Amino acid sequence: MAINKIAALVGRGKGKEAELAATDAEVDETVAQPVTLSRIALLMQEMGYRGKVTDGEDWCWVESATNGTKFNIYAFSDQLSDPDSEARSIQFDGGWGGLSSMDARRFVMLCNRFNHDWRYAKATISADGERYSLTVKLDHYCPIGLTDAEFYAVADMYIRLIEDMAKRAFAPNDEALNVMTERHKTATAMMWSHDADPAKALAIFMANARAGYGPSMNSLGDVYECGIEVIESAPMAAHFFTRAAERGHPSAYYGLARIFAETEEDEAILVEAAKFAMLAYRDLPEGQTRHDAGELRDRLMEKLDTDARELAEGLVGNWAPMAFEGGPIDPEPVLDYVRTPPSSALN
């Protein structure tokens, strides 16, 4: 996209007084100047943001942040480790890490919508082992350099892009969902706290479940599996776990695996049990429950022959929830532990 179009979309930039003052400066800010990391750091500071050149093993970059979201600015040049080397393109790269497998899957469609709305940027989900990250990148080609105003426009556009993603991904935007989320938290505390009121908690779980709220369906599965304030019923537990599993809740996968695993005679049911145990281990966060799901998976797979194991693994690969649910989460800054080297795509 042409830089004047970006500037028009942004609607920001230096004011008239700043433009007049620039005419008296030693360097003509209306003329394109070489783009270096040292200059980028200073320009980010002039915009009121953090701008710090950071050295890596083989390259360096500028660190910055907006509203608590960290991002890096890379400069593609012949000397990636030299902050004063002239770049022919720059890349803004930032986002959030510490996402669960479930959150990562939920954000795939969000990234698709974001990329459709902002076609000159790219939002992606990436994995580092079992840790997932949501990143937003913006590339800009500048073989003859950039004026200060042009850089401000590109930087401001990226800041607006990453703030837009933050609102889409992490800000509450569904009042009905938020109400049910709070009710569910209240009911969970009532069910398990020292001053528990299981009957009242059960009523809240049931009301939420009838309204289609997955976490409460999963809690009802636990209630009926254990017989808390209700008659113990594996069929009812399986019913509520299934409804929650259809909404992508990994705890419900584990619940179904536990119930199905009790059927020793039927291989088809054991295949389903193994499938849900594998899904639970894949999507649950690190902890005891995930460990238990892994042990159950291993026990079930030992009971199956080669063909049945391959079938179960294939079912895991083909599994797709009908819908993903989830309210706002508290993400970690992706750049706290993931250091993505600059892409060479524009080199």
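The values are calculated or read from the model by the stated rules, or taken from the named source; none is laboratory data. Every value quoted in this text rests on a predicted model; they were computed, and no experiment measured them. Using ideal geometry, Cβ is built from the backbone for each residue, glycine included, and neighbour counts are taken over all protein chains shown. Keep in mind that these areas ignore ligands, DNA and RNA; they rest on the heavy atoms of the full protein, side chains included. Shrake-Rupley method; radii C 1.70, N 1.55, O 1.52, S 1.80 Å.
Once amide H atoms are placed 1.01 Å from N in the peptide plane, what residues at a sequence separation of 5 or more from Ser85, or on another chain, have their amide H within under 5 Å of its amide H?
Distant-sequence amide H within range of Ser85: Leu37.
In the full protein assembly as shown, how much of Ser133 is accessible to a 1.4 Å probe, in Å² to the nearest 10?
Surface accessible to solvent at Ser133 totals approximately 0 Å².
Sorted by accessible area (1.4 Å probe), largest first, how do Ile159, Ile259 line up?
Result of the area sort, largest leading: Ile259, Ile159.
For region 175-285, with the dipole built from +1 on Lys and Arg beta-carbon atoms and -1 on Asp and Glu ones, taken about the Cα centre, which of Asn208, Met191, Val230 lies farthest toward the positive end?
Final value for the positive-end residue is Asn208.
By per-residue mean of other Cβ atoms within 10 Å, what is the highest-first order of 140-149, 122-131?
Packing proxy ranking, top to bottom: 140-149, 122-131.
On the Cα set of region 139-198, report Rg and Dmax in Å, please.
Here Rg and the maximum Cα pair distance are 22.8, 70 Å.
Per 5 Å bin, what percent of the C-alpha pairs of region 160-283 does each bin hold, from zero upward?
Per 5 Å bin, starting at 0, the Cα pair percentages come out as 2, 12, 17, 19, 17, 13, 9, 6, 3, 1, 0, 0.
Using modelled backbone amide H atoms (1.01 Å from N, in-plane), which distant-in-sequence or interchain residues come within less than 5 Å of Cys142's amide H?
Ser89, Ile90
Please pull out the direction-averaged projected area of region 221-302, using the convex hull of its alpha-carbon atoms, in nm² to one decimal place.
Answer in nm², one decimal: 5.2.
Might you tell me the accessible area per residue for region 43-197, computed with a 1.4 Å probe and given in Å²?
On a per-residue basis, 48 Å².
For region 159-226, restrict the atom set to alpha-carbon positions and state the Rg and Dmax in Å.
15.3, 50
Counting each pair of different Cα atoms once, what's the Kirkwood radius of region 99-224 in Å, rounded to one decimal?
Every distinct Cα pair counted, the radius reaches 17.9 Å.
Ratio of Rg to Rh for region 103-151, alpha carbon only, Kirkwood?
1.15
Please list log₁₀ I(q)/I(0) at q = 0.14, 0.20, 0.21 Å⁻¹ for region 36-104, using the Debye equation with identical point scatterers on the alpha-carbon positions.
Log10 I(q)/I(0), no solvent term: -0.45, -0.78, -0.83.
Convert each backbone phi in region 82-88 into a coupling constant with the Karplus relation 6.51 cos²θ - 1.76 cosθ + 1.60 (shift: θ = phi - 60°), then list the ³J(HN,Hα) values in order as whole Hz, x for Gly and Pro.
Each residue's phi maps through the Karplus curve to give 9, x, 9, 6, 6, 9, 9 Hz.
Going by amide H atoms built from the backbone, whose H comes under 5 Å of the H on Ala65, apart from near neighbours?
Under 5 Å from the amide H of Ala65 lie the amide H atoms of Arg50, Phe71, each far enough along the sequence or on another chain.
How large a share of the accessible area of region 27-106, in percent, is made up of carbon and sulfur atoms when the probe is 1.4 Å and the other protein chains stay in place?
In region 27-106, the share of accessible area belonging to carbon and sulfur is 45 percent.
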